[in-house]
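Every read-out reported here was derived from the displayed coordinates using simple, explicitly stated rules and does not represent laboratory data. Everything quoted here is computed from the prediction, not taken from an experiment. We place every Cβ from the backbone using ideal geometry, glycine too, and count neighbours over all the protein chains shown.
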Amino acid sequence: MKIVIAGGHGRIARRLGRLLAARGDGVIGIVRNPDHCTDLEADGTEPVVCDLEQASSEQVASVLDGADAVVFAAGAGPGSGAARKHTVDHRAAVLVAEAALRAGVRRYVMVSTRGAGSPPPAHADDVWAAYVNAKTAADEHLMAQDLDWTVLRPAALTDEPGTGTVRLTAGRSIGEITRDDVARVLAALLDTPTTAGLVLELAAGPDPVTEAVAHAAEARTGRP
């Protein structure tokens, strides 16, 4: 497959890029900072410099041309304010969806977050509330598009080594999940097109990744 990862230098995105490249997929990583290109090349990912806060849908569509799928893993990141949660976590995701439609790339996997889909808790600070609201808006926009979308909402992220086992459900994710295991789940979702149309919550758990994704697909189709 040829996979485009938006936000290609992110901590989940680089793990995913390495997994996909190692198994022989063609991987393109969209990055804003040209200084990140060397890192992606070392991972086996082809970097493309494109600022998703400034680009047009036509420009992004040209990057997506010929791809089998796109993964949105971009984010404003720690230390950014509420305004960039809107421009990156929401508007850039919308832009990539528009570009996917324009380029004829039907498969779109969204890396969302825990808490998306519901109002932020009353005790949340302004930046976290903006982040959850931005992710919710991005998810809802994607779900309204004529695309084969899957939304993945991981629990609190850690950089501990992955275990290869997870809990993947339609219910609220509780606890933590390693970025290694998020990347493994994303790769499995790309391999399982029958997970299209699902919003999935991800946390650490007992199920091997491939089995967890297969079970989610069975629940979607009603067939083992």
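Quick notes on this one:
- Residues satisfying the stated conditions in the range 118-139, i.e. in contact with a Gly (Cβ under 8 Å, 6 or more places away or on another chain) and surrounded by fewer than 13 Cβ atoms within 10 Å (Cβ to Cβ): Pro121
- Residues of the range 98-107 satisfying the condition of being surrounded by fewer than 24 Cβ atoms within 10 Å (Cβ to Cβ) and either closer than 12 Å to Leu142 by Cα or touching a Gly at 6+ places or on another chain (Cβ under 6 Å) (or both): Glu98, Leu101, Arg106, Arg107
- Pair list, Cβ < 9 Å and 6+ apart or interchain, from the range 184-213 residues that are more than 9 Å from Leu168 (Cβ to Cβ) to residues that are of a type in the set (D, E, K, R) and surrounded by fewer than 17 Cβ atoms within 10 Å (Cβ to Cβ): Ala187/Arg23; Leu190/Asp68; Thr194/Glu218; Thr194/Arg223; Ala204/Glu176; Thr210/Asp191
- Just one of the listed residues (Thr163, Thr150) is touching a Leu at 6+ places or on another chain (Cβ under 6 Å), polar (S, T, N, Q) and surrounded by 16 or more Cβ atoms within 10 Å (Cβ to Cβ), and it is Thr150.
- When Cys37 is tested against (1) buried (at least 17 other Cβ atoms within 10 Å of the Cβ); (2) over 15 Å from the mean Cα position of the chain (by Cα); (3) touching a residue at least 24 places away in the same chain (Cβ under 8 Å), exactly one condition is not met: (3).
Yes/no matrix, rows are residues, columns are (1) more than 22 Å from Ala55 (Cα to Cα); (2) within 17 Å of the chain's Cα centre (by Cα); (3) not basic (Lys, Arg):
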site: Phe72; (1), (2), (3): no, yes, yes
site: Ala92; (1), (2), (3): no, yes, yes
site: Ala99; (1), (2), (3): no, yes, yes
site: Tyr108; (1), (2), (3): no, yes, yes
site: Val127; (1), (2), (3): yes, no, yes
site: Lys135; (1), (2), (3): no, yes, no
site: Met143; (1), (2), (3): yes, yes, yes
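- Residues that are surrounded by fewer than 18 Cβ atoms within 10 Å (Cβ to Cβ), of a type outside the set (Asp, Glu) and closer than 22 Å to Thr150 by Cβ within the range 58-90 comprise just one, Gly66.
- Flag for Val94 being under 24 Å from Leu157 (Cβ atoms) and assigned to a helix (DSSP H, G or I): yes
- When we screen Gly164, Gly115, Gly175, Gly197 for residues that are touching a Phe, Trp or Tyr at 6+ places or on another chain (Cβ under 8 Å), at positive phi and small (Gly, Ala, Ser), the only hit is Gly197.
- Residues in the range 1-24 that are without any contact (Cβ under 8 Å) to a residue 60 or more places away in the chain, surrounded by fewer than 19 Cβ atoms within 10 Å (Cβ to Cβ) and under 23 Å from Ala97 (Cβ atoms): none.
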